[in-house]
Amino acid sequence: MKSLLFRLGLMASLILAGAVRGSAADSKFVVAMLPKAKGNAYFLSCKAGADKAAKELGVELLFDGPTDSNAAKQNEIVENWITLGVDVIAVAAENKEGISTALRKAQAKGIKVIAYDADAMPDSRSFFVNQATPQGIGYALMDEAARLCGEEGEFAIITASLTASNQREWEKHIRIRLVTKYPRMKLVAVRPSDDLKDKAQSEATALMSANPNLKLLMAICSPGVPGAAEAVKQAGMTGKVKVIGLGLPNENKRYVHEGVTDSVILWNTESLGYLTVYAGVALAKGELKVGASSITAGSLGTFEITEDNIFLGKPFIFNKSNIDKFDF
Amino acid sequence: MSSPSPSRDWKALLLRHETLLLFVLIAEWLFFYFAGTSSRRGVDVGFGTLDRQFDILRHSCEIGLLALALTPVILTAGIDLSVGSLLGLCAILFGKLWHDGGLSIPVAAACAVGFGALGGGLNAALITALRLPPLIVTLGTYSLFRGLAEAITHGAVTYTNFPARFLFLGQDRWLGLPAQAWLFLVVAAAVWLLVHRTTFGRSFRAIGFSPEGARYAGLPVERRLALVYVLAGVIAAIAAIIYTARLGQAKADAGTGYELFAITAVVLGGTSIFGGTGSVHGTLLGVAAIAVLKNGLACLPSVTRLNAAEEISGVLTGALLLLALTASVFPKMLSEFRARRQTGRPRPPSPQPV
C-alpha cells in the first residue's frame, strides 16, 4: 500500500516537474548584481541606474543580496549565480577576502567579474567601478566639517561596519586631512551602525551624551545620516550638533530643510549602477579590455580608466540650496 | 531502558514520519531537478549540475553539524540556543590563535574545539548544577558568546589570508566529495552511533520522557545532560572551523541565526521538542529537505527574477515545518476523537510523536 502510494506520488511529481521545464531555457545575456544589503536605499538607487542600462542594452539584470550586510550570504548568492551560468557578476564586497574566493571560482568558469562601490581583491575581478577616490571623499567630508565648525572643536564619525573596505579607506583620508590641515579639530570616536538607521540613531544619542562638547556628527554610510539627524533632533540639539555625511538626497531632504542636517555629500548613485552594467557588458563582449584608458557608457558619455579603476568622477555636496533638484 | 507500553505504536508513527519526509525530499529534489535545470549556450546550468549539488552539501554542512549537535540535546527535552554564537566565538578564537598567537592550523583548531567544549561545559554547569532551564541558560550564553566574539575583535578585526591547504577543507573536493562533507559524515556517524547504538542514547530519551523517572531508575541524569551540552559545544567548534575554511574568513558574525535553522531541521526531522522521541537520521533528512528547498528555489528562473530566493525559502521552510507538525499530530488526534466517541471519555495522554 505504502509503496504504491509512493510510486504514484513519484509519477505525479515527475509529470508536474516535466510541465515546468519547458519554460526554463533561456539564452538572454544575464548580468547579476550583488549589493551589500538589498533593501538599502543607496543600492536601490544603484539598481535604478542599472535597470536603465540593462534596458538600453537589452540584457537581463538580476539584483540580489543579503537583507543585512552578511559576507556568508554574499558568497552563497555568488555561488548560486555561478551554477546558473550568468555572464557577468558585479559585486559590492562586504568583505574583500571573503567574497574573493567565490569570485575567483566564477572567473575560472569564464564568468566576467566586476566590482563596484566596494572593491574585491584585485585578482578576483577585472575592473573596479570607483565611485570616487577615497581621497576625494575623505577630503570633501573633512573640509565640509571644518567649514561648518569654524575649523575648531570635537566631532565623531558613524560608519557602517568597522571592517568594510571602503569605509576604512574614507576614514583614513578623513584622518589624513584632519592631521595635516585642521589641528584644532578633534575626532573623539568612530562607531559602527551595521548599515541600520536605528542603530545609527542610538549610537548618535550615545555619542552626544558621552561627549558634551561634540560639535558635529559625520555619518559615512547612507542610513547613518538620517539616523544621526533623528537623534540630534530628538535630543533638541538642532544647530548645536551639526550633522553631515555621505547619503542620499531623498532620505535627508526633510532634515536638511529643518536645519538639522547641513550637507549631504555623495556621487550620483544611479550613474554608478548605470556605468557598472555598461562596463560589465562591454567586458563580457570583449569591447572593454585590460589596459583601456576610457569607456563610453550610453547617455552618460565617456569615463576615465586608470589601470583597473573606472572613475565615476568628483563627489558632490547637496545642501538646502540644491537638494530639491535631485530625486534619488 | 525501554519506553512505556504503546512503544510499537509510536515507533511505527516515527517510522512513518521519516518515510514521509524522505518522500518529500525526493519529490522536492525531482521537482527542482526538472524545473531548476536549464541549458545556456549548450551547457547545462542550475540545480541539475554536479557543482550545484556539491554547493548544497557545502552550504549545509555547518547548519547540519549544529542540527546533529542539537538532536541529543532536544532528545533530553533540552534546547541549546547558543550553538550559533559559539560557532562565531570559536571561529574568532581559532583565527586569533592562528593569526596573532602564531599557532599552526591544526593546533589552533584543536584549541578551538577545546574552547567549544568549555562553552558547552558552561551551559552544562548552569543547567545541571544550578538546575536552571536550558532555554534561559542558553539564551544567556547566546548573547554572551556572540558578545565575546565581538569584544575580542572589537567588532572590527576579520581574520583572513588563511593558507591554501586549510582553505582546501572548505572549498575543494577530496575523493569526489567536498572535503568538509567527509568530516560531516564522520560526525553524523558518531552521533548516530551514540544516540541509537549505546546506552547513552537510550538514557537521553529516558531523561526526555521524564527526568525524575530516569533519576529513580538510577540514571546519572546530571552527567548525561552535561555530556549532551559539552558535545554540542564541541560540534559547534568543528562547524566553526569548516565555516572559516569555506569563507576564508573568521568574523564575529559567523553563524548568526544558524541555531534557529538547526532547530527547525531537528524538529522537521521528527524529534519531539518536548524530548523523548526522535532520531539522528530524521535530523539528517530534515537538514537535507531544508537545504534542497533553499538551494533549489534559488535555481528556479521565476524565483531568481524576483530576486528574493532567500525570503521565499524562509516562507516555504516555515510552511513545511508547520505542515510536518500538523501531519504528525493529525492521526493521533483522529484516533483520540474516535476513542472518545466510542467510550465517551478521553484516553490517557500518550507521548507526543511530534
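The values are calculated or read from the model by the stated rules, or taken from the named source; none is laboratory data. The structure displayed is predicted, hence computed values, not measured ones. Positions of Cβ are backbone-derived with ideal geometry, glycine not excepted, and every protein chain shown enters the neighbour counts.
Would you check if B:Ala149 is in a helix (DSSP H, G or I), at pLDDT 90 or above and touching a Gly at 6+ places or on another chain (Cβ under 6 Å)?
It is true that B:Ala149 is in a helix (DSSP H, G or I), at pLDDT 90 or above and touching a Gly at 6+ places or on another chain (Cβ under 6 Å).
Looking at region A:124-156, which of the residues that are touching a Ser or Thr at 6+ places or on another chain (Cβ under 9 Å) and closer than 20 Å to A:Ala32 by Cβ is surrounded by the most Cβ atoms within 10 Å (Cβ to Cβ)?
Selected residue: A:Val129.
Give B:Phe145, B:Phe162 a once-over and let me know the one that is within 14 Å of another protein chain (Cβ to nearest Cβ), under 28 Å from A:Thr163 (Cβ atoms) and touching a helix residue (DSSP H, G or I) at 6+ places or on another chain (Cβ under 8 Å).
After ruling out the rest, the residue left standing is B:Phe162.
Has region A:102-117 got at least one residue that is surrounded by 24 or more Cβ atoms within 10 Å (Cβ to Cβ), assigned to a helix (DSSP H, G or I) and in contact with a Ser or Thr (Cβ under 9 Å, 6 or more places away or on another chain)?
Yes; the residues of region A:102-117 include at least one that is surrounded by 24 or more Cβ atoms within 10 Å (Cβ to Cβ), assigned to a helix (DSSP H, G or I) and in contact with a Ser or Thr (Cβ under 9 Å, 6 or more places away or on another chain).
Condition test on A:Gly239, is it surrounded by fewer than 14 Cβ atoms within 10 Å (Cβ to Cβ) and touching a residue at least 40 places away in the same chain (Cβ under 8 Å)?
no
Scan region A:157-210 residue by residue and report those that are under 20 Å from A:Gln234 (Cα atoms), more than 22 Å from the chain's Cα centre (by Cα) and surrounded by fewer than 17 Cβ atoms within 10 Å (Cβ to Cβ).
Correct list: A:Ser202, A:Ala206, A:Ser209, A:Ala210.
Does B:Leu75 count as buried (at least 20 other Cβ atoms within 10 Å of the Cβ), in contact with a Lys or Arg (Cβ under 6 Å, 6 or more places away or on another chain) and more than 14 Å from chain A (Cβ to nearest Cβ)?
Answer is yes for this residue.
Taking helices (runs of 4 or more DSSP H) that fall entirely within region A:214-328, which contain at least 2 residues that are touching an Asp or Glu at 6+ places or on another chain (Cβ under 8 Å) and either of a type in the set (Val, Ile, Thr) or within 21 Å of A:Asp198 (Cβ to Cβ) (or both)?
Counting at least 2 such residues, we get A:224-234, A:249-258.
List the number of the failed condition for B:Asp80; all other conditions in (1) at the interface with chain A (Cβ under 7 Å from one of its Cβ atoms); (2) within 21 Å of B:Gly275 (Cβ to Cβ) hold.
(1)
Search region A:60-83 for residues being facing another protein chain (nearest Cβ under 8 Å), of a type outside the set (Asp, Glu) and outside any helix (DSSP H, G or I), and hand back the single one that is farthest from A:Gly49 (Cα to Cα).
Top of the filtered list is A:Asn70.
Show me the helices (runs of 4 or more DSSP H) entirely contained within region B:199-307 in which 3 or more residues are over 22 Å from B:Gly119 (Cα atoms), in contact (Cβ under 8 Å) with a residue 60 or more places away in the chain and within 14 Å of another protein chain (Cβ to nearest Cβ).
The qualifying helices (runs of 4 or more DSSP H) are B:280-297.
Quick one: in region B:1-45, of everything that is at pLDDT below 90 and of a type in the set (Gly, Ala, Ser), which residue is nearest to B:Ile290 (Cα to Cα)?
B:Ser38
Return the pairs, sorted by first residue and then second, in which the second residue is part of a loop (DSSP other than H, G, I, E, B), the first residue lies in region A:82-100 and is free of Cβ contacts under 8 Å to residues at least 12 places away in the same chain, the beta carbons are less than 6 Å apart, and the residues are 6+ apart or on different chains.
A:Thr83/B:Thr49
Regarding B:Ala110, is this residue assigned to a helix (DSSP H, G or I) and either in contact (Cβ under 8 Å) with a residue 12 or more places away in the chain or touching a strand residue (DSSP E or B) at 6+ places or on another chain (Cβ under 8 Å) (or both)?
In short, no.
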